[in-house]
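Okay, structure first, notes after.
Each reported figure results from applying straightforward, stated rules to the coordinates on display, with no laboratory input. Being a predicted model, the structure only gives us computed values, none of them experimental. Heads up, the Cβs are rebuilt from the backbone with ideal geometry, glycines too, and the neighbour counts pull from every protein chain shown.
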Amino acid sequence: MNRSELERVARAMVVKGKGILAADESSGTIKRRFDAIKLDSTEEHRRSYREMLFTAPGAAQYLSGVILFDETIRQRTHDGVPFPDYLAQHGVIPGIKVDAGAKPLAGFAGETITEGLDGLRERLVEYRKLGARFAKWRAVIDIQDGIPTAFAVRANAHALARYAALCQEQEIVPIVEPEVLMDGAHSIDRCEEVTDQVLGEVFGCLAAHRIYLEGMVLKPNMVISGKQAPEQAPPEQVAAATVRCLKRHVPPAVPGIAFLSGGQSPEEATLHLSLINQLGALPWSVTFSYGRALQDTALKGWGGTPAGFAAGQQELAKRARLNGLATLGRYQSGLESQAA
């Protein structure tokens, strides 16, 4: 393990003013996105969509990395440049989603375990040859009556740590993503309680698996009310609860935190990130690793047509720029009305 190289890449991934574009949707997920714009999910449409995102003028200025899907890391621009090479040439670090998705956890109704550890070492060797310098694994923790159970949290934390160890063995920076879902009607206090439990278990497992903390990035949820909660906590409360929770569990040795958006609207995710970065000096760099919150307006602007290509790119560049400002605590909602 080359610790200095792992740390160098991890720090570059969470540099202030930039964030990570999560473009690693599985085939099923991107089909649902395309269904919304009435577009067939063919390989060429998926390739064209990703090229629209990756080549957006001005976006790379605010992107430190892009998470790719297995299909995407093997695809090329229309003029034949492999996507990982194109990104690297523009100062954007290529990454790869390596988990096989959340599957039902046997014996625990309503809970899941993320699969994909079998054969992961060999896949990481291939992905590194294809250009990936970091990877991502997502664990999914739901909040409902009676769940999450301690066992489900522990099982997912253990899998995250095993994944992280395999990544570092291959000199690939692991993004560790334990997502407490914002689905449901739970309060922000309940979300904080569960996020406390999850992060405590995750960092316990990372320590047990001898993970080099300086060579990883954490991708957590924000502490937020459930979507169906009758009372929605205001943005300032979300920021304060999130920072309080992270300070309890995330060692200062971790270079940075790149939040997931988790179903928030693009504007909500950007505002929350900016408010978090306004809460004084933090022991880690705090940035974003957004999927829908960066892509939604770009997807609608593109619309699956060549005529919409430039409009989609403009929308992505705008959201990347606004989130770049949020990493500096400089975003204001009034900026939404300004042109990209």
In Å, the C-alpha Rg and Dmax of the stretch 237-318 are 15.6, 49
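So for the chain, Kirkwood radius off the Cα pairs, Stokes-Einstein at 25 °C and 0.890 mPa s: how many µm² s⁻¹?
Result for D is 123 µm²/s.
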Dipole moment magnitude, nearest 20 debye, the stretch 204-272 about Cα centre, only Lys, Arg, Asp, Glu C-beta charged: 340
Burial ordering of THR72, THR55, THR77, fewest other beta-carbon atoms within 10 Å first: THR77, THR55, THR72
Taking a point 7 angstrom from the Cα of GLU44 along the C-beta vector, which residues in the stretch 63-78 have backbone N less than 14 Å away? 78
Mean Kyte-Doolittle of at least -0.5 plus a Cα span of 24 Å or more along the axis: flag which DSSP H helices in the chain meet both, please. 150-169, 188-208, 309-326
Lys/Arg +1, Asp/Glu -1 at C-beta; the stretch 1-57 dipole; positive extreme among THR29, THR42, ALA10: ALA10
For the stretch 242-340, the dipole about the Cα centre with charges only on Cβ (Lys and Arg +1, Asp and Glu -1), to the nearest 20 debye, works out at 280
About the Cα centre, charge dipole magnitude for the stretch 3-337 (Lys/Arg +1, Asp/Glu -1 at Cβ), debye: 780
Unit charges at the beta carbon, dipole of the chain: most positive-side option, TRP137, ALA311, PHE108: ALA311
Given Cβ charges of +1 for Lys and Arg and -1 for Asp and Glu, the option among ILE211, GLN61, ALA240 whose Cα lies farthest towards the positive end of the dipole of the stretch 3-337 is GLN61
Helix-only estimate, please: 222 nm mean residue ellipticity of the chain, summing -39500 (n - 2.57) across DSSP H runs of length 4 or more and dividing by its residues, to the nearest 500. -14000 deg cm²/dmol
